[in-house]
Amino acid sequence: KKSARGKGLAPKAIRTLYHDVRHRESAIEACLFKREGQSMGIVPITSYKVHAYQSGAFDSWTSRVDRASGGEGARDCWEAVRDWSSVCQVSIITSCAAFMTSVEKESLYVFSSAEGGGVRCIAVFRDPACDYGDGKAIELCAYIEDPAWPGGGAPKLLSACRQACADLGAGTVIIDELGKETGPAVALLGSRGMSPVFTSATSLFFYNYVHRPRYPRDCIMLF
């Protein structure tokens, strides 16, 4: 609730959660938190922008991107993201089991493009559990390409957004500006006169663990 903001409740809740998790799961050494808007006193691992676009902004990009099926299809995509993310300075990836469960329950949606006999890029969309304006919204939380592939770049990412809107009936796409291709994709949209419905600042930070901040283009987050 807005009335509860500015009263120090969030830090207390985070400390309580962290204490409980550390005592229940000794293998967990740090917790990752997301904060929208103004950054707090804790040094973030990265700070980035979030942009929301209406689905029509992606109509010009039509290269083929297919929705990945569950089961082995989802597992193959997770393994590809895990392997390709080795070139990133920061990669935080959920477990394979959790990823496959999220795909099966449709809280995550996976789209990929294959060329030359193999998958070359993967886009993962999250259900943000909210609507914007004219209906359903989806959030592009991760996009990554095979480092050995010459690359589809921003046009391929935008094609994935178009296909996801068509397949999932979404009217809005929220783009988390993380990874190498999202910044150029946002710039390409701007060069075509496509403005976001809104843009906001977001930070990701660890609790009880400090690391020098990294540029968002050098980070991949899949959770």
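Computed from the coordinates by the stated procedures, all read-outs in this text should not be read as laboratory data. Being a predicted model, the structure only gives us computed values, none of them experimental. Cβ sites come from the backbone with ideal geometry, for glycine too, and all protein chains shown count toward neighbours.
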Once the Cβ-Cβ distance between Asp59 and Ala30 is put in as r, and R0 is 41 Å, what FRET efficiency do you end up with, to the nearest 0.05?
0.45
Projected onto the charge dipole of the chain (unit charges on the beta-carbon of Lys, Arg, Asp and Glu, signs +1, +1, -1, -1), the Cα from Ala27, Ser85, Ala114 with the largest positive-side position is that of Ala27
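Taking the Cα centre of region 143-203 as origin, work out the dipole magnitude from +1 charges on Lys and Arg Cβ and -1 charges on Asp and Glu Cβ, in debye rounded to 20.
200 debye
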Gyration tensor on Cα atoms of region 94-147, a ≥ b ≥ c root eigenvalues, a/c under 1.5 rounded, else prolate if a/b beats b/c, else oblate, says oblate
Under 16 Å from a point 7 Å along the Cα-to-Cβ line of Asp66: which residues of region 104-148 have their amide N that close?
110-123
With a/c under 1.5 counting as rounded, go ahead and sort region 40-157 into rounded, prolate or oblate using the C-alpha gyration tensor (a ≥ b ≥ c being the square roots of the eigenvalues; past the cut-off, prolate if a/b is larger than b/c, else oblate).
rounded
In the structure displayed, which of Lys12/Lys34; Lys136/Lys180; Lys49/Lys180 lie more than 18 Å apart, Cα to Cα?
Lys136/Lys180
If we count every other residue with Cβ under 14 angstrom of Lys156's Cβ, Lys/Arg +1 and Asp/Glu -1, where does the sum land?
-1
Residue by residue through region 57-71, the couplings from Karplus 6.51 cos²θ - 1.76 cosθ + 1.60 with θ = phi - 60°, in Hz, x for Gly and Pro, are 5, 9, 4, 7, 10, 10, 5, 6, 9, 10, 6, 6, 7, x, x
Shape call, region 25-87: gyration tensor on alpha carbons, a/c limit 1.5:
oblate
Note to self: C-alpha centroids of region 162-214 and region 49-65 sit apart, in Å, by 11 Å
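Can you list the DSSP H helices in the chain whose Cα atoms extend at least 20 Å along the helix axis and whose mean Kyte-Doolittle hydropathy is -1.0 or higher?
Working: long enough: 9-24 (23 Å, -0.69); 153-168 (23 Å, 0.34).
Correct list, ordered by number: 9-24, 153-168.
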Calculate the dipole size of region 27-107 relative to its Cα centre from +1 charges on Lys and Arg beta carbons and -1 charges on Asp and Glu beta carbons; express the result in debye to the nearest 20.
280 debye
Please give the per residue volume of the convex hull enclosing the alpha carbon atoms of the chain, rounded to a whole number of Å³.
139 Å³
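Beta carbons within 10 angstrom, averaged per residue: use that to sort the peptides 118-130, 154-166, 24-36, highest first.
Listed from highest to lowest mean packing, they are 154-166, 118-130, 24-36.
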Out of the trypsin sites (Lys or Arg not before Pro) in region 61-104, which ones are loop residues according to DSSP with at most 16 other C-beta atoms within 10 Å?
Arg64
